[in-house]
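Everything below concerns the one structure shown next.
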Amino acid sequence: MSTVDYATDDGIAVLWLNRPERLNAVVAELIDDLLEALDAAARSDARAVVLAGRGRAFCAGHDLKEPTPEGDSRRRLDRLQDVTRRLRGLRQPVIAAVHGYAIGAGAEFAMGCDLILAAEDAVFAFPEVSLGLSVTGAASRLLPLLVGPLKAKELLLLGERVSGTKARELGLVNATLPADDLMDTALAWAARIAAHPAAAATMAKRALDSGIDGSLDAALELEVSHALITEHSAEVAASAEAFRNRT
């Protein structure tokens, strides 16, 4: 795994997105590596998982500097959404430790986790509509549950950036703290979870998610349908070209 670092220690699995030179922006290799790391966590004896990002950001969304991959778009989109499925499906509770940018797919990775800690310098945003794209990663289901339907529509339709502090006020994250304290706190929370009986923690996660995820599959399917419509539109081509031409 060249774009994701994976390690376990004292009952905690830590996954680091590791494309710091591109702010951990999403490419196919990162998705493949992240799914492999999540599968490794599932096979491990870890009792809690932390997901974080190397460098200056958690994940800046899709790497728009890269051309749209050729081949079966449906398969690629399903692969991307498998990240949400794996995060929700893990028996271990997962904590997202978010600093810097959590944009688009990056915000969706965080929302797929069970708990979200944000540094004060975190920046959340859902720019898909402004780029002519549609959301993926079950944002259409999870975001309204976290912040309410009206605020979710505001975040998606206006695409405004939200600070870590504001994200806490909206209910998008569990807590906001200084950047220097982020990983220590995430690991401390993970250690507290790991100290509980593993089966009880798993059942608590499953019980809470049973109602939340009742419509998750339907949301993922609708998102793929919308993504297939928008992906090759003229608006998306223009926005991608403008991004690639930035200096």
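Limited to the range 71-99, what total is found for residues that are closer than 18 Å to Leu170 by Cα and open to solvent by 10 Å² or more (accessible area, probe 1.4 Å)?
Total meeting the criteria: 1.
Pairs under 9 Å by beta carbon, first residue closer than 20 Å to Ala195 by Cα and surrounded by fewer than 20 Cβ atoms within 10 Å (Cβ to Cβ) in the range 1-21, partner modelled with pLDDT of 95 or more and basic (Lys, Arg), six or more apart or different chains?
Gly11/Arg47
Which count do you get for residues in the range 19-48 that are more than 13 Å from Tyr6 (Cα to Cα) and assigned to a loop (DSSP other than H, G, I, E, B)?
The total comes to 7.
Could you tell me which numbered condition Val27 fails, if it satisfies all but one of (1) open to solvent by 70 Å² or more (accessible area, probe 1.4 Å); (2) farther than 20 Å from Met183 by Cβ?
Here Val27 meets the rest and fails (1).
Inside the range 176-190, can you point out the residues that are over 15 Å from Ala52 (Cβ atoms) and surrounded by 14 or more Cβ atoms within 10 Å (Cβ to Cβ)?
Matches in the range 176-190: Thr176 only.
Please indicate, with yes or no, whether at least one residue in the range 119-130 is of a type in the set (Ser, Thr, Tyr), at pLDDT below 95 and open to solvent by 60 Å² or more (accessible area, probe 1.4 Å).
yes
The values are calculated or read from the model by the stated rules, or taken from the named source; none is laboratory data. Predicted, not measured: the structure shown is a model, and the values here were computed from it. Using ideal geometry, Cβ is built from the backbone for each residue, glycine included, and neighbour counts are taken over all protein chains shown. Keep in mind that these areas ignore ligands, DNA and RNA; they rest on the heavy atoms of the full protein, side chains included. Shrake-Rupley method; radii C 1.70, N 1.55, O 1.52, S 1.80 Å.
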